[in-house]
Amino acid sequence: MQEKEAVEHCCGEDMAALTFQAQRHKCELTQTLQQMEAQHEKRVRETDALLSAQISLIGKLKCQVLGATLEELARSSRVEIEQLSLEEEHLQDSAEKL
């Protein structure tokens, strides 16, 4: 009988130790998971911020490109107007001579 009780007592202690280890391991895993979730959320926020900055930069670049295109069109139009003015002057001079 004493031997059986000793074995049961030993098994009970082993079970208690295993249960404690399992609970401690579960707590460690929960803590690790929470840390990983926090890191993930931080990286998502950082990625969102970078994406917003990139979108803003692309918008600015598009504006610069459009502005440069507009300037080129305006310059081209001024040159064309100058040429037409000279042509008109020449035609007026020619008409006056007739």
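The values are calculated or read from the model by the stated rules, or taken from the named source; none is laboratory data. Predicted model, so just to flag it, every value in this text is computed and none were measured. Note: areas computed on protein heavy atoms with side chains; ligands, DNA, RNA excluded. Shrake-Rupley method; radii C 1.70, N 1.55, O 1.52, S 1.80 Å.
When a 1.4 Å probe is rolled over the protein heavy atoms, the share of accessible surface on the chain that falls to carbon and sulfur comes to 60 percent. With the helix formula -39500 (n - 2.57) applied to DSSP H stretches of n ≥ 4, the chain reaches a computed 222 nm mean residue ellipticity of -37500 deg cm²/dmol.
Over region 34-84, with the other protein chains present, what is the accessible area per residue in square angstrom, probe 1.4 angstrom? Spell out each step's value before the answer.
Details: 4760 Å² over 51 residues.
Solvent-accessible surface per residue comes out at 93 Å².
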